[in-house]
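Let me begin by presenting the structure, written as C-alpha cells, before commenting on it.
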Amino acid sequence: MTASDARRAVEAVWRIESARLIAGLARVVRDVGLAEELAQDALVSALEQWPESGIPRNPGAWLMTAAKNRAIDQIRRRQNYQRKLAEIGRDQESDHAPDAGEGVGDIKDDLLRLVFTACHPVLSTEAQVALTLRMLGGLTTDEIARAFLVAESTVAQRIVRAKKTLAKADVPFEVPAENERDARLSSVLGVIYLIFNEGYSATAGDDWMRPALCADALRLARVLAGLMPREPEVHGLVALLEIQASRSRARTGPNGEPVLLMDQNRALWDQLHIRRGLAALEKSGRGPYSIQARIAACHARARTPEDTDWTLIAGLYETLALVAPSPIVALNHAVAIGMAFGPATALELVDELVDEPALKDYHLLPSVRGDLLAKLGRTDEARTEFERAASMTRNARERTLLLDRAAACG
C-alpha cells in the first residue's frame, strides 16, 4: 500500500469513526479536549503504520486501542496513575490486539454524551457549531473555515477556547438529567439546523449553496434520531431537513445561479429524501421543527406550484407563530398570506414589520416587499426595494438575482 493510499484510507476511516472514537475516549478520560488529542495521536500512528502493515480488519478498534495505549502512557506520568490506570485498564483488558472488538463501551450512550457536551449552553453558538462539526462531523478546521468563510485560525481558536471553557466549567461528560434535557436538546437541534441552513442558503461568498454542510447536518440529525428515537422534535428536524434537502438539485441553474421555489423543476426533487422526510414526519410532534416540516411537506406533495395549498401553509405559519414567535416567522407568514389571499393583504402585514429592529439588516424583508410591490404593479417602488435588498446581502449569487429582479422592473 502506498503512502497516498494509506492517507486516503485513514481519512475515510477518520470521517466515519472519529465521533465514536472521541466519545468512547471522553467517557474514560472525562475530558473532551484530551479525548480529541488522544484520537489525533491515534490518527498519526495510523498514518505511520498502515502503509507498512496494511489496513486492519477493524480500523475503528485499532484506533481506539492506539488511543487508549497513549492515554495509559500519559497517565503513567501523572501522580494519580493508579486510580486512572484502573479505570482504563478495565476497558483495555478485552482489546489488546488491534483487530479486537470496538471496545468503546455503550457507543449509543457515548455519542449522546458527546452531542450534549459539544452543544453545552456554556459555549457560544459559534463555538457549539465549530465543536459539533469537529467532534461529530469529523471535519478539519480548514473544512469548517471554508464552509463558513472565516479564517482557519479563527475556527481553531474557537475550538481551543471551547474545550478550555468546558474544562474550566468542569462540564460533566454525560446526558443531562430529565429536567434539563429539553432546554439542552433545543440547543442541540438549533446547532444542527444552523449548520444545515448555512449550507442551504449560504450567508456570504460566491456560492448559493454549500451541499457538503447540508449533508453533514442531515447526517447528524439522523444520528441523533437513532440515539433519541422517542423525541418527536428530533424526528421533526429530520423530516424538515430531508424534505428541504430534496430540492437541492433544483435550487441552482446550469451556472450555479439561484432558482426560486416557484420556478424550480420539480422533476429534479429527490423522491427518496421526500419519502424519508414524510416517514420521519409521522413520528414528529408539535414543536417548531415539526411544524416547519409540515410546511415543507405541503410543497413536497404539490406536483406543480399551482397545486400548493397556500391556505394550509398560512395556517401552519400562524401555529408556528404561537409556538415560536419571531419577526422572521411573521415575514414568512405574510408571504404565505400573499400567495393564498393576494399581495395587497400581504403587503399590509409586511409594512408592519418595516420598523422591526430584528429585521433592520435582514435583506429578505425588502426582497419580499419588492416582490409584493411588483405584483401590485408598483414597479418603481419594487425596483428600489430589490436594489436595497441587493445592497444588504453578502452572497454574490443572491445579489445578482436581486439586481436582475430590479432591472426587470424597468
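The values are calculated or read from the model by the stated rules, or taken from the named source; none is laboratory data. Keep in mind that this is a model prediction, so the values were computed, not measured. Please note: Cβ atoms are built from the backbone with ideal geometry, for glycine as well, and neighbour counts cover all protein chains shown.
Look at region 2-54 and say how many of its residues are outside any helix (DSSP H, G or I) and at pLDDT 85 or above.
Of all residues in region 2-54, those outside any helix (DSSP H, G or I) come to 2, 30-31, 54.
If we keep only those that are at pLDDT 85 or above too, we end up with 31, 54.
Looking only at that region, the number is 2.
Residues being among the β-branched types (Val, Ile, Thr), surrounded by fewer than 17 Cβ atoms within 10 Å (Cβ to Cβ) and under 27 Å from the mean Cα position of the chain (by Cα): count how many of those fall in region 320-357. Show your work before the answer.
From region 320-357, those among the β-branched types (Val, Ile, Thr) are 323, 328-329, 335, 337, 345, 350, 354; that's our starting set.
Subsequent filtering for residues that are surrounded by fewer than 17 Cβ atoms within 10 Å (Cβ to Cβ) retains 323, 328, 345, 354.
Applying the additional criterion that residues be under 27 Å from the mean Cα position of the chain (by Cα) yields 323, 328.
Of the residues in region 320-357, 2 are among the β-branched types (Val, Ile, Thr), surrounded by fewer than 17 Cβ atoms within 10 Å (Cβ to Cβ) and under 27 Å from the mean Cα position of the chain (by Cα).
Could you say which residue among Arg219, Arg249, Arg230 is in contact (Cβ under 8 Å) with a residue 12 or more places away in the chain and either under 23 Å from Val323 (Cβ atoms) or not assigned by TED's automatic domain parsing to the domain that holds Leu149 (or both)? It would help to see each step written out before you state the result.
Values: Arg219 fails: either under 23 Å from Val323 (Cβ atoms) or not assigned by TED's automatic domain parsing to the domain that holds Leu149 (or both); Arg230 fails: in contact (Cβ under 8 Å) with a residue 12 or more places away in the chain.
Among Arg219, Arg249, Arg230, only Arg249 is in contact (Cβ under 8 Å) with a residue 12 or more places away in the chain and either under 23 Å from Val323 (Cβ atoms) or not assigned by TED's automatic domain parsing to the domain that holds Leu149 (or both).
If we keep just the residues of region 119-143 that are among the small types (Gly, Ala, Ser) and modelled with pLDDT of 90 or more, which is farthest from Asp170 (Cα to Cα)? Write out each step before concluding.
To start, the set of residues in region 119-143 that are among the small types (Gly, Ala, Ser) comprises 124, 127, 130, 137-138.
Okay, now just the ones that are also modelled with pLDDT of 90 or more, so 124, 127, 130.
Details: Ser124: 16, Ala127: 17, Ala130: 20 Å.
In this case the residue turns out to be Ala130.
Filter region 377-407 for residues that are surrounded by 19 or more Cβ atoms within 10 Å (Cβ to Cβ), out of contact with any helix residue (DSSP H, G or I) (no Cβ under 7 Å at 6 or more places or on another chain) and in a helix (DSSP H, G or I) and give the result. Show your work before the answer.
Filtering region 377-407 down to residues surrounded by 19 or more Cβ atoms within 10 Å (Cβ to Cβ) leaves 382-383, 385-386, 389-390, 393, 395, 397-398, 401-402, 405-406.
Then drop every residue that is not out of contact with any helix residue (DSSP H, G or I) (no Cβ under 7 Å at 6 or more places or on another chain), which leaves 395, 397-398, 401.
If the condition is that a residue be surrounded by 19 or more Cβ atoms within 10 Å (Cβ to Cβ), out of contact with any helix residue (DSSP H, G or I) (no Cβ under 7 Å at 6 or more places or on another chain) and in a helix (DSSP H, G or I), then Arg397, Glu398, Leu401 are the ones that fit.
Here is a yes/no grid of residues against (1) closer than 30 Å to Asp182 by Cβ; (2) aliphatic (A, V, I, L, M); (3) outside the structural domain of Glu398 (by TED's automatic domain parsing):
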position: Tyr289; (1), (2), (3): yes, no, yes
position: Ala300; (1), (2), (3): yes, yes, yes
position: Thr304; (1), (2), (3): no, no, yes
position: His333; (1), (2), (3): yes, no, no
position: Gly342; (1), (2), (3): no, no, no
position: Leu347; (1), (2), (3): no, yes, no
position: Glu356; (1), (2), (3): yes, no, no
position: Asp361; (1), (2), (3): no, no, no
position: Val368; (1), (2), (3): no, yes, no
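Here is a check on your reading of the model: is Leu194 within 17 Å of the chain's Cα centre (by Cα), surrounded by fewer than 21 Cβ atoms within 10 Å (Cβ to Cβ) and either free of Cβ contacts under 8 Å to residues at least 12 places away in the same chain or not in a loop (DSSP other than H, G, I, E, B) (or both)? Judged against the criteria, Leu194 is a match.
Checking each residue in region 273-293 for being in contact with a His (Cβ under 7 Å, 6 or more places away or on another chain) and of a type in the set (D, E, K, R) picks out only Lys283. One residue alone among Ala239, Ala250 is surrounded by 20 or more Cβ atoms within 10 Å (Cβ to Cβ), at pLDDT 95 or above and part of a helix (DSSP H, G or I), and that residue is Ala239. The set of residues in region 257-268 being closer than 20 Å to Ala202 by Cα and either in contact (Cβ under 8 Å) with a residue 60 or more places away in the chain or among the hydrophobic types (A, V, I, L, M, F, W, C) (or both) consists of Glu257, Pro258, Val259, Leu260, Leu261, Met262. Screening Arg369, Arg378, Arg405 for residues that are among the basic types (Lys, Arg) and over 31 Å from the mean Cα position of the chain (by Cα) leaves exactly one candidate, Arg378.
Let me confirm something: among Asp206, Asp216, Asp270, which residue is charged (D, E, K, R) and under 18 Å from the mean Cα position of the chain (by Cα)? Even if it seems obvious, please write down each step before you answer.
Details: Asp206 fails: under 18 Å from the mean Cα position of the chain (by Cα); Asp270 fails: under 18 Å from the mean Cα position of the chain (by Cα).
Result of the check over Asp206, Asp216, Asp270: Asp216.
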